[in-house]
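*Asks:* Sending over a structure as structure tokens; questions will come in a sec.
The values are calculated or read from the model by the stated rules, or taken from the named source; none is laboratory data. What you see is a predicted model; the values in this text were computed from it and never measured. For neighbour counting, all protein chains shown are included, and Cβ atoms are generated from backbone atoms with ideal geometry for every residue, glycine included. Accessible surface areas use protein heavy atoms only, side chains included; no ligands, DNA or RNA. Shrake-Rupley method; radii C 1.70, N 1.55, O 1.52, S 1.80 Å.
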Amino acid sequence: MTNTKNLAPELAAVIETAVALDSAVGAGEPLDITDLVKAYGAARHAAQDAGHSLETIEAVTAGALD
């Protein structure tokens, strides 16, 4: 897992929600992931509102899920 300690809090939240969503989907069990999807979207919007580019958000997300 990506070390979020030295990242801006907004980017750390994107990573944490992306990993939680990926884990839930990867579990292979039927479950409602609506809240996780909403949290991930909100984290991405917060990161953009804080001035982080979409490219940066995508890069940290991809790095966390590799």
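*Asks:* Given the conditions (1) over 19 Å from Lys5 (Cβ atoms); (2) in a loop (DSSP other than H, G, I, E, B), report the number of the one that His52 does not fulfil.
*Replies:* (1)
*Asks:* Next up: Of everything in the range 1-13 that's in a helix (DSSP H, G or I) and among the small types (Gly, Ala, Ser), which residue is most open to solvent (accessible area, probe 1.4 Å)?
*Replies:* Filtering the range 1-13 down to residues in a helix (DSSP H, G or I) leaves 9-13.
Now drop any that are not among the small types (Gly, Ala, Ser), which leaves 12-13.
Values: Ala12: 11, Ala13: 36 Å².
The residue in question is Ala13.
*Asks:* Can you find, within the range 14-39, the residue that is most open to solvent (accessible area, probe 1.4 Å) among those that are charged (D, E, K, R) and assigned to a helix (DSSP H, G or I)?
*Replies:* Result: Lys38.
*Asks:* Just a yes or no: is a residue in the range 40-60 crowded, with 18+ Cβ neighbours inside 10 Å, in contact with a helix residue (DSSP H, G or I) (Cβ under 9 Å, 6 or more places away or on another chain) and among the β-branched types (Val, Ile, Thr)?
*Replies:* Here is the first cut: in the range 40-60, the ones crowded, with 18+ Cβ neighbours inside 10 Å are 40, 43-44, 47, 52, 57, 60.
With the extra rule that they be in contact with a helix residue (DSSP H, G or I) (Cβ under 9 Å, 6 or more places away or on another chain), the set shrinks to 40, 43-44, 47, 52, 57, 60.
The next check asks that each one be among the β-branched types (Val, Ile, Thr); those that pass are 57, 60.
Looking through the range 40-60, at least one residue is crowded, with 18+ Cβ neighbours inside 10 Å, in contact with a helix residue (DSSP H, G or I) (Cβ under 9 Å, 6 or more places away or on another chain) and among the β-branched types (Val, Ile, Thr).
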